[in-house]
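So the structure is just underneath, and the comments pick up after that.
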Amino acid sequence: MLLRFQGSLLGLAIGDALGMPVEGAKASMIRDKLGRVLEFMDAPWRFLKAGQWTDDTKMMLCHARSIVERGRVDADDTARKFIQWFESNDWRGMGGATYESIQRLRSGVSPDVSGKKGEMAAGNGVAMRIAPVGLVDCLDLERLGEDCRAAAITTHDNPEAIAGGQAVAYAVARGARGDLDPASLILDTVEFIGPCKAAENLQSAAAFLESGMDIAEALARLGTSGYVVETVASAFFSFLHTPDDFEETVSRAVEGGLDTDTTGAVAGSISGAYNGLDAIPERWREGVEATEEIVGLAEGIYRLVEQQSV
């Protein structure tokens, strides 16, 4: 179980770092210029080196550090960590909804009303960072749903953003505790999050998997933009297409193009939770930024869960 916790958080960071240099590129361009994306690459135009990650992992770390320090999901404390991150100026691609929300937090607005509302808040900024919540609440799925909502509305007060975050946290939780069944994951997730557009696109992913559709075509149909409805479905498809192969899952997710770092991060968090740390290629474990801290935070969250289960 500890290895699954570590696999989830490090898997998220690895998917993020693998997708970082090609973020925004179309799948066809990635395919034509690079073929497969199997190695970390420098991105000098972003002032980032091979193996470094973006705001996805930055925000995940805010959640993970807060959980370890506070012993639970604490939206107020996480919000303070978001502010500290903002004020460090090391933003690494911070999204618009997150930027606006943290500005409100800095002005004294409470985390339960600081999040951006409306259609433009249906981004994937919650889904990309939510894995630590899935881990700490893996034995209490009712609390998981509530904690995901509290974590989400700090930046994204939108039903689809919340549902997408809950879907990813649910998959991570099931993987981490060892009872994720790839054959029923989408059905179980849809039941957990309830009727919404994210659930509808997940059902499309299930239909594409059942038909044996090629992954490139499936991701093109499901979408790989920053819209959470697309991100979640494409990440789930990438995982379920090759559930036992972390490397294939994450690389194919990134090769889907557009919001490559986030599709990779979400797919990596789920695959890492299911397959565990040892299933992640050694070159990626050694090459990604801040491996020791990430693995250590995952262990800290595992110890909290261990105490809860006594």
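For the chain, list the DSSP H helices whose alpha carbon atoms reach 24 Å or more along the long axis and whose average Kyte-Doolittle value is -0.5 or above? Kindly include the intermediate steps, with their values, before the conclusion.
Numbers: long enough: 2-19 (26 Å, 1.10); 159-177 (27 Å, 0.28); 291-308 (26 Å, -0.08).
Those that clear 24 Å and a mean of -0.5 are 2-19, 159-177, 291-308.
Using only Cα atoms, what Kirkwood radius does the range 157-290 have, in angstroms?
Evaluated over the range 157-290, this radius sits at 14.5 Å.
Compactness ratio of the range 99-149: Cα Rg over 2.2 N^0.38 Å, N = residue count? Walk me through the numbers before you get to the answer.
On the way: Rg = 12.8 Å, N = 51, 2.2 N^0.38 = 9.8 Å.
The range 99-149 yields a ratio of 1.31.
Return the long-range amide H neighbours of Leu48 (sequence gap of 5 or more, or a different chain), with a cut-off of under 5 Å between placed amide H atoms.
When sequence neighbours closer than 5 places are left aside, the close amide H contacts are Ala43.
Using a 1.4 angstrom probe, figure out how much accessible area the range 162-310 has per residue, in square angstrom, rounded to the nearest whole. Display every interim value, and only then the final one.
Details: 5410 Å² over 149 residues.
With all protein chains present, the range 162-310 gives 36 Å² per residue.
According to the Kirkwood expression over distinct Cα-Cα pairs, how big is the hydrodynamic radius of the range 56-142, in Å?
13.4
Local charge sum around Thr262 (other residues, Cβ-Cβ under 13 Å, Lys/Arg +1, Asp/Glu -1)?
Every neighbour counted, the sum reads -4.
Under a Cβ-Cβ cut-off of 12 Å, what is the net charge of the residues other than Ala161 that fall near it, where Lys and Arg count +1 and Asp and Glu count -1?
Details: positive: Lys116, Lys117, Arg129, Arg149, Lys197; negative: Glu119, Asp157, Glu160.
Here the charged neighbours net out to +2.
Sequence gap at least 6, Cα distance under 8 Å: using those rules, report the relative contact order of the chain to the nearest whole percent.
33
Using unit Cβ charges (K, R positive; D, E negative) and no other charged atoms, how large, in debye to the nearest 20, is the dipole of the range 52-197 about its Cα centre? It would help to have the intermediate numbers written out before the result.
Working: 17 positive and 22 negative charges, 84 e Å.
Rounded to the nearest 20 debye, it is 400 debye.
Averaging the inverse of every distinct alpha carbon separation and then flipping it gives the Kirkwood radius. What is it for the range 200-240, in angstrom units?
Numbers: mean 1/r = 0.1041 Å⁻¹.
The Cα-based Kirkwood calculation yields 9.6 Å.
How large is Rg over Rh for the chain, taking Rg from the Cα atoms and Rh as the Kirkwood inverse mean of 1/r across Cα pairs?
Numbers: Rg = 17.2 Å, Rh = 18.4 Å.
Ratio value, two decimals: 0.93.
Give the share of C-alpha pairs in each 10 angstrom bin for the range 1-145, from 0 to the last occupied bin, in whole percents, shortest bins first.
10, 35, 35, 17, 3
In a Gaussian network model over the chain where Cα atoms closer than 10 Å are linked, find which of Gly256, Gly175, Gly300 has the largest mean-square fluctuation.
In this elastic network of the chain, the residue with the biggest mean-square fluctuation among Gly256, Gly175, Gly300 is Gly300.
Can you give me the solvent accessible area of Thr249 with a 1.4 Å probe, rounded to the nearest 10 Å²?
Approximately 0 Å² for this residue.
Relative contact order of the range 158-212, please, whole-number percent, based on alpha carbon pairs below 8 angstrom and at least 6 residues apart.
Relative contact order of the range 158-212: 39 percent.
Can you give the net charge of the other residues whose Cβ lies under 14 Å from the Cβ of Leu141, counting K and R as +1 and D and E as -1?
Cβ neighbours under 14 Å give a net charge of -4.
The values are calculated or read from the model by the stated rules, or taken from the named source; none is laboratory data. Keep in mind it's a predicted model, so treat the numbers as computed, not measured. Quick reminder, even Gly has a Cβ in these numbers, built from the backbone with ideal geometry, and neighbours come from all protein chains shown. Areas reflect the complete protein model, heavy atoms only, side chains present, ligands, DNA and RNA absent. Shrake-Rupley method; radii C 1.70, N 1.55, O 1.52, S 1.80 Å.
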